[in-house]
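The structure appears right after this line, and notes come after that.
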Amino acid sequence: MEIEIATIGGYEEVGRQMTAVRAGDDIVIFDMGLNLSKVLIHDNLRTEGMHSLDLIDMGAIPDDRVMSDLEGDVRAIVPTHGHLDHIGAISKLAHRYDAPIVATPFTLELVKGELEDEQKFGSSNELIQMDAGETMQIGEHGCELEFVNVTHSIIQAINPVLHTPEGAIVYGLDKRIDHTPVIGEPIDLKRFREIGREGNGVLCYIEDCTNANKKGRTPSENVARESLRDALYSMEDYNGGIVATTFSSHIARVKSIIEFAREIGRKPILLGRSMETYSGTAKQIGVEFPSDVEMVGYRRSIDQTLERIMNDGKGNFLPVVTGHQGEPRALLTRMARGETPYDLDAGDKVVFSARVIPEPTNEGQRYQAEKLLGMQGARVYSDIHVSGHLRQEGHYTMLDALQPQHIIPAHQDLSGFSGYVDLASNQGYTLGRDLHPTTNGNIIQLN
Ligand SMILES: [Zn+2]
């Protein structure tokens, strides 16, 4: 059976991930993501009504025209988790394929939201829920799709595995090795080890190289949780304002902030549209999330809530707000500019449980937001965070578990791949023979 991998998007950037695997006549697509920085650079650009080709030309979504070079039928579209760089182009591209979208419940709910917001295209793709540990048949020639549980900075992330008669194709985006993930099960390393040793083993491993140039291992979410506990407990006797911000989609982190806010005697309130979207979705599908926390999404209601907080005494509350990257229209930035009813006083605390995404636009905006907060006298606690992506020791562990015949580095640009190429070369892989760093729009033939 011929096996081909089309590296469609996310091989020259962190963003707009999309990869297709052809096994004989059957094709499975992994991820259809957005490159958000290509959208944010334009002021007030609304993508909902835009055409796919314009977004492709901007570099915002994957250029899937290479799909016409793959001879076969698409059997499934598989988003691995709910981050926008993995699901953000589904509303623009999925309708071109007569195939179901298969994902875990939380991811699928977020995909539904994306499809509902879309104004240009209508999608009639069937939506199929599949949990980690489950499998489904692909086509009629002995292929099977399996979801293996992984740990990442969003709940219900999986690594999909396409079992073919020639061996397994493991799509390894995005994960870290976490044995104490705060919400959900630890990464299923045992299953990866089995897949590496059963049948024909692993024919190809596509790896998340986001942090491949970083030494050591990525700490567990539990480490971020303990840093957060330490920071918030240090503020226990402060009776002025405390505000926290983090990735809205990082449900485990939001959960930790809510718990520690209550432990230091404050009422947490989630404020901002994306806070309401992600946490509301988590609550709706019944993950271990505090079900009684107040969430407010719309700007007018947010301002009314902030007025209420000021009247009742801000020492009784801990608003958890959007704006961890200093996004100009997010709530924390509006607070920093003094545009909301919430007054920051000298000594008030602002906790960033997020790192700056290393990209000039974000860095500039975050710098500005922190400066504006500082000018009002606020004390800023930065970078209480751990990454969701493997570092080098995690990559070593994955290679040891899977023992793949071929490797394709992904989720970075060529300079970002370099640390991974070094590591894999040291493990006996050879560039061009079984180690294939590549760019967007290529097809790699494996046999
Ligand atoms: Zn991700």
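The values are calculated or read from the model by the stated rules, or taken from the named source; none is laboratory data. All values reported here derive from a predicted model rather than from experimental measurement. Note that each Cβ is placed from the backbone with ideal geometry, even for glycine, and that neighbours are counted across all protein chains shown.
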| request: Output yes when any residue across the range 338-350 is crowded, with 22+ Cβ neighbours inside 10 Å, under 30 Å from ASN35 (Cα atoms) and over 23 Å from the mean Cα position of the chain (by Cα), and no when none is. | output: yes
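Which ones in the range 56-87 are within 16 Å of the ligand (Cβ to nearest atom) and without any contact (Cβ under 8 Å) to a residue 60 or more places away in the chain?
PRO79, LEU84, ILE87
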| For the subset of the range 149-168 comprising residues that are more than 16 Å from the ligand (Cβ to nearest atom), surrounded by 15 or more Cβ atoms within 10 Å (Cβ to Cβ) and at negative phi, which member is farthest from the chain's Cα centre (by Cα)? | GLU166
| query | Within the range 212-227, which residues are touching a residue at least 60 places away in the same chain (Cβ under 8 Å), out of contact with any Phe, Trp or Tyr (no Cβ under 9 Å at 6 or more places or on another chain) and not basic (Lys, Arg)? | reply | GLY216, THR218, PRO219, SER220, GLU221, VAL223, ALA224, SER227
| task | Output the qualifying pairs, or none if there are none: Cβ atoms under 8 angstrom, residues six or more apart or on different chains, first residue in the range 140-152 and part of a loop (DSSP other than H, G, I, E, B), second residue β-branched (Val, Ile, Thr). | result | GLY142/THR164; VAL150/ILE158; VAL150/ILE187
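Going by what's in this entry, would GLU276 be described as buried (at least 17 other Cβ atoms within 10 Å of the Cβ), of a type in the set (Asp, Glu) and in contact (Cβ under 8 Å) with a residue 60 or more places away in the chain?
no
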| remark: Residues of the range 52-107 being within 23 Å of HIS250 (Cα to Cα) and of a type in the set (Asp, Glu), in sequence order, are ASP85
| request: Those residues that are in contact with a helix residue (DSSP H, G or I) (Cβ under 7 Å, 6 or more places away or on another chain), within 16 Å of the ligand (Cβ to nearest atom) and under 17 Å from LEU34 (Cα atoms), I need them from the range 89-106; list them, please. | output: ILE90
| Quick one: is CYS209 touching a residue at least 60 places away in the same chain (Cβ under 8 Å) and within 16 Å of the ligand (Cβ to nearest atom)? | yes
| note | Being more than 26 Å from SER274 (Cα to Cα) and assigned by TED's automatic domain parsing to the domain that holds LEU55 narrows ALA99, ALA132 down to just ALA99
| Do we find a residue being assigned to a loop (DSSP other than H, G, I, E, B) and closer than 21 Å to ILE408 by Cα anywhere in the range 115-132? | no
| Among (1) within 16 Å of the ligand (Cβ to nearest atom); (2) in the same structural domain as ARG197 (by TED's automatic domain parsing); (3) in contact with a Lys or Arg (Cβ under 9 Å, 6 or more places away or on another chain), the one test that LEU402 misses | (1)
| said: Being without any contact (Cβ under 8 Å) to a residue 24 or more places away in the chain and away from the ligand (no atom under 16 Å from the Cβ) is true for just one of ASP131, ASP188, ASP230. Which residue is that? | reply: ASP230
| request: Taking only the range 1-37 into account, find how many residues are surrounded by 24 or more Cβ atoms within 10 Å (Cβ to Cβ), of a type in the set (D, E, K, R) and within 25 Å of SER415 (Cβ to Cβ). | output: 2
| Pick from ALA354, ALA336: which is more than 16 Å from the ligand (Cβ to nearest atom) and either without any contact (Cβ under 8 Å) to a residue 12 or more places away in the chain or aliphatic (A, V, I, L, M) (or both)? | ALA336
| said: Considering only the range 102-110, I want to know if a residue exists there that is within 23 Å of ALA168 (Cβ to Cβ) and surrounded by fewer than 23 Cβ atoms within 10 Å (Cβ to Cβ). | reply: no
| request: Considering every residue within the range 421-439, establish whether at least one is away from the ligand (no atom under 16 Å from the Cβ), modelled with pLDDT under 95 and closer than 25 Å to GLY326 by Cβ. | output: no
| remark: (1) under 17 Å from the mean Cα position of the chain (by Cα); (2) without any contact (Cβ under 8 Å) to a residue 40 or more places away in the chain all hold for ASN44 apart from (1)
| query | Among the numbered criteria (1) more than 15 Å from ASP31 (Cβ to Cβ); (2) touching a helix residue (DSSP H, G or I) at 6+ places or on another chain (Cβ under 9 Å); (3) of a type in the set (D, E, K, R), which single criterion is violated by ARG75? | reply | (2)
| Right, ARG46: farther than 24 Å from LEU108 by Cα and of a type in the set (Lys, Arg) or not? | no
